[in-house]
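Before any comments, here is the structure.
The values are calculated or read from the model by the stated rules, or taken from the named source; none is laboratory data. None of the values given here were measured: they were computed from a predicted structure. Using ideal geometry, Cβ is built from the backbone for each residue, glycine included, and neighbour counts are taken over all protein chains shown.
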């Protein structure tokens, strides 16, 4: 029987970590993820976990310590945000290249500068091609659930890649919501024990971690990483099915909200999906066939599946909470439209950069996007596919 609680997203993440009881947690505080290691350190102090908690001097050191622990044969976790992730950048790539299934809670925040502590997705988008699996969470429940599933996905023998669970800074990390927790013993059984095949402290198999890897082998090793990311798609679905049997909560690559008969669709990630659902409901009450596709799994990117889900709509708006600064749209827009093109599915699509630095995105804002899509369908004319939502021009 599940345990009903009222928790912030950060508390939910820390409790998931407590229930997982990793061997090592190494972390450095940074807003808005600071509370996660703070709450977890109290569990260590109270003897509720037997984790080795390493209070390091920087986020670079936090990921370095996680790499060392995981390479030695332990299960390692951490949490960070924005500039903290940026400081980890070198080690982020090393963790994935060494095929170490570290799990990180990433509380999304704008990357400086100028300094801003509020939410957008520039941190996650900055490492989207680093070889980490990326799961996005609409609310506190999903942040908790994704963390419970994370190790099962990352540690699978056909995957062995690090994984980050993303949630929106302050919007979910500090907001208190009703949540259903899983009993400790069920989490322990579901996650299982970490039993690596190769690790540094195995005296029966001396190995080197991170040796020089020049022209003769690096290409092949990178191809193996790419194959592992493809394998992760199947594993994510398998783990999600097991999780549904345990909890009744169903997860896939994405969620389709009133998309079956939709003519106008928004594609977005994280907490914006909740606001979009409210907009969809209001428009449906007016007889407008609006729908939503909420991306949960961004890496590996389910290109073919998303294209199939969107093939029958008449116009699509893809929302990016980070600007790629390339003059041609954000990362989610590029991936969705590329996937549709390669699947030979052609639907008018526009991109909206929105919410930068925590700028509010309201139901009215999202209804205006659906109105724009209706106009595109009516006129069969996009004009500018690269747009900004809620920006004050000339400021």
**Q.** Candidate set: the range 294-322, residues that are touching a residue at least 60 places away in the same chain (Cβ under 8 Å) and assigned to a loop (DSSP other than H, G, I, E, B); chosen: the one farthest from the chain's Cα centre (by Cα)
**A.** 314
Q.
Looking for something in contact with a helix residue (DSSP H, G or I) (Cβ under 6 Å, 6 or more places away or on another chain), part of a helix (DSSP H, G or I) and over 14 Å from residue 295 (Cα atoms) - is there at least one such residue anywhere in the range 236-245?
A. yes
Q: State which residue pairs qualify: first residue under 14 Å from residue 94 (Cβ atoms) and inside the range 198-212, second residue part of a loop (DSSP other than H, G, I, E, B) in any location, beta carbons under 8 Å apart, and separation of 6 or more residues or different chains.
A: 209/98; 209/200; 210/98
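So which helices (runs of 4 or more DSSP H) are wholly in the range 4-121 and hold at least 3 residues that are over 19 Å from residue 139 (Cβ atoms) and at pLDDT 95 or above?
Details: elements: 9-20, 35-45, 59-72, 82-87, 89-97.
Hits in the range 4-121: 35-45, 59-72, 82-87, 89-97.
Which of the residues belonging to the range 283-293 are in contact (Cβ under 8 Å) with a residue 40 or more places away in the chain and either within 24 Å of residue 391 (Cα to Cα) or surrounded by 22 or more Cβ atoms within 10 Å (Cβ to Cβ) (or both)?
Result: 283, 290.
Could you check, for the range 56-73, whether at least one of its residues is assigned by TED's automatic domain parsing to the domain that holds residue 227 and either without any contact (Cβ under 8 Å) to a residue 12 or more places away in the chain or within 22 Å of residue 301 (Cα to Cα) (or both)?
Yes; the residues of the range 56-73 include at least one that is assigned by TED's automatic domain parsing to the domain that holds residue 227 and either without any contact (Cβ under 8 Å) to a residue 12 or more places away in the chain or within 22 Å of residue 301 (Cα to Cα) (or both).
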Q) When the residues of the range 74-100 are filtered to those that are in contact (Cβ under 8 Å) with a residue 60 or more places away in the chain and in contact with a strand residue (DSSP E or B) (Cβ under 7 Å, 6 or more places away or on another chain), which remaining residue is surrounded by the most Cβ atoms within 10 Å (Cβ to Cβ)? A) 79
Q | Among residues of the range 302-319, those that are in contact with a strand residue (DSSP E or B) (Cβ under 9 Å, 6 or more places away or on another chain) and crowded, with 19+ Cβ neighbours inside 10 Å, counted | A | 10
